[in-house]
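After the structure tokens below, expect a handful of questions from me.
Readers should treat all values here as calculations from the given coordinates under stated rules, not as data from a laboratory. The model shown is predicted, which means the values in this text are computed figures rather than measured ones. Because the Cβ atoms are built from the backbone with ideal geometry, glycine has one as well, and the counts that use them run over all protein chains shown.
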Amino acid sequence: MPRHLTALEQTRIRTLYTDGGFTIPQICQRTPFTKGQVNRALFSPSGPRRRKGPPPALSAADEAELVEFITASQQNRLMPWYKISILLFDGKYGTKAIRSAMQRLGYKRYAARLKPPLSPANRAKRLAFAEAHVDWTPEQWANILWSDETWMTYGYHTKQYVTRLPGEEYEDTCVVNKIQRKRGWMFWGSFSGYGKGPGIFWEKKWGFINQASYCEHIIPVVHDWIQQNEANGVRLTYMQDNAPGHRAKGTVDELATRGIQTLQWPPLSPDLNPIETVWNWMKDYIQEHYGHIANPKYEVLRAWVTEAWNAVPELFLTQLLEDMQRRCKEVIQAEGGYTAN
């Protein structure tokens, strides 16, 4: 007569069957258990009662093996608990036991952040920039004319929360409209330690931002602004990211011809650019004041963006420059990798 299975053995069978999707014959092939033992573990009404209290704890050695496995690669970090249980422990522990052990060790499942691939060469460039500028003073950062473009839309740009009772999730007053294709406008802006620089709406008739359009509509404005500051004794260095229209040879030549000094910017580094925080401030402003208004006309949206740009506090800009050392330190700590900024 086949022996009775222990509670741990039955947990292993249920994990393979319920979470792993294995059939009964496959479980028999994978384990030393007979078909009758597997059937009784899964379907017998006289089987062991559901275990009360916390799930069976992993041993210290199993926990160490679990953490080492999960942190070894991106693929392992993406793997759901039940697959880890089957692959690492052959279903010995259920998903609750795996989850409880990881939570006790400080790990939880989070939504993965979406970022462009960062090659070793680009990581090295980011690290080199941070190391070269980590000791810059706010006065040095103040002489940079920071610039960037952003797509400005209406409505809500952050997750919204409502106060409701259970079951009211689809009440009209508890639902935020989802708009598939929002009307928007590209906005280019700049600032330095001496205040906001020009802000420009990228007109629809200008088409896409490329070398020709960027040199025609942005570079002359930058040149004039830098000359105005030079007249007041301030020499600004122009910062732009590595978008195709920015790094094109024609753009580089145009900047050199006009005598515009540029800051060599590392690739894929919005976390180092303080103007990205300005865009978030402006979008928060529009959301707070006009987020409830749907489908505004272009001229209305344009007025909102202008109002938000004008409302950005000068002290806020100063604080962003004072924060540059921290940004550089975090990139250094990440060895050129991405940071939370």
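Around P198, with a cut-off of 14 angstrom between Cβ atoms, what is the net charge of the other residues, counting Lys and Arg +1 and Asp and Glu -1?
Values: positive: K196; negative: D148, E149, D224.
Spelling it out: positives minus negatives among the neighbours equals -2.
Another question, then. Between N210 and T6, what length comes free when the chain is fully extended (0.36 nm per residue of separation minus the Cα-Cα distance, one decimal in nm)?
66.6 nm
Further, regarding this structure: Fewest Cβ neighbours within 10 Å first, please rank K83, K92 accordingly. Don't skip to the answer; put the middle values down first.
Working: K83 15, K92 18.
In increasing order of surrounding Cβ atoms, one gets K83, K92.
For a quick check: sort C328, C174, C28 by the number of other beta carbons within 10 angstrom, fewest at the front.
Ascending Cβ contact count within 10 Å gives the list C174, C28, C328.
At a Förster distance of 41 Å, what's the computed FRET efficiency of T257 paired with Q74, Cβ-Cβ distance as r, to 0.05?
0.35
Given [x] 61, 47, 32; [y] 88, 45, 37; [z] 98, 51, 35, which label gives Cα extents along the principal axes in Å as computed from the coordinates?
Among [x] 61, 47, 32; [y] 88, 45, 37; [z] 98, 51, 35, the one derived from this structure is [z].
By how many degrees, between 0 and 90 and to the nearest 10, does the Cα long axis of helix 219-231 differ from the longest principal axis of the chain?
For 219-231 against the chain, the angle is about 60 degrees.
Also, I was wondering about something else. For H157 and A124 in one chain, what is 0.36 nm times their gap in residues minus the Cα-Cα distance, to one decimal in nm?
8.6 nm
I've got another one for you. Considering amide H positions built from the backbone, and no H for Pro or chain starts, which residues 5 or more places from M186, or on another chain, come under 5 Å of its amide H?
Those qualifying (amide H under 5 Å, at least 5 residues apart or on another chain) are M152, W202.
As I understand it, the value is the acute angle between the Cα axis of helix 298-311 and the longest principal axis of the Cα atoms of the chain; what does it come to in degrees, rounded to 10?
Long axis of 298-311 versus the principal axis of the chain: about 80 degrees.
So what's the angle, to the nearest 10 degrees on a 0 to 90 scale, between helix 324-333 and the longest Cα principal axis of the chain?
Helix 324-333 and the main axis of the chain meet at about 40 degrees.
Oh, and also: Enumerate the calculated ³J(HN,Hα) couplings along the range 193-203 in order (Karplus 6.51 cos²θ - 1.76 cosθ + 1.60, θ = phi - 60°), each rounded to whole Hz, writing x wherever the residue is Gly or Pro.
x, 9, x, 5, x, x, x, 10, 7, 7, 5
Now, a different point. Please give the charge dipole size of the chain, origin at the Cα centre, charges +1 on K and R Cβ atoms and -1 on D and E Cβ atoms. Round to the nearest 20 debye.
That gives a dipole near 2420 debye.
What is the spin-label model distance, in nm, from H217 to T173 if the labels are put 7 Å beyond Cα along the C-beta direction?
Distance between the two pseudo-spin positions: 4.4 nm.
Show which lysines lie in cross-link reach of K205 when reach means a straight Cα distance below 21 angstrom and same-chain residues fewer than eight apart are skipped.
The reachable lysines, counting only those whose Cα sits under 21 Å from K205, are K182, K297.
How high is the FRET efficiency between D323 and E288 when r is their beta carbon distance and R₀ equals 25 Å, given to the nearest 0.05?
0.65
Same structure, new question: Sum up the charges of everything whose Cβ sits under 13 Å from the Cβ of K115, counting Lys and Arg as +1 and Asp and Glu as -1, but leave K115 out. Walk me through the intermediate numbers first.
On the way: positive: R113, R123, R126; negative: D271.
Computed value for this residue: +2.
Which shape class applies to the range 251-332: rounded if a/c is under 1.5, otherwise prolate when a/b exceeds b/c and oblate if not, where a ≥ b ≥ c are the square roots of the Cα gyration tensor eigenvalues?
Working: a/c = 2.43, a/b = 1.50, b/c = 1.61.
Taking the square roots of the gyration eigenvalues as a ≥ b ≥ c, the range 251-332 is oblate.
Listing Y285, Y93 from the residue with the fewest other Cβ atoms within 10 Å to the one with the most, what is the order? Show your work: numbers first, answer last.
On the way: Y285 18, Y93 27.
Listing Y285, Y93 from fewest to most nearby Cβ atoms yields Y285, Y93.
Right, next: For a Förster distance of 56 Å, can you work out the FRET efficiency between the beta-carbons of D224 and L165, rounded to the nearest 0.05?
Calculated transfer efficiency: 0.45.
Can you flag which of K159/K283; K125/K283; K178/K283; K83/K159; K159/K204 are past 19 Å Cα-Cα? Display every interim value, and only then the final one.
Details: K159/K283 13 Å; K125/K283 30 Å; K178/K283 17 Å; K83/K159 31 Å; K159/K204 29 Å.
Too far apart for the 19 Å limit: K125/K283; K83/K159; K159/K204.
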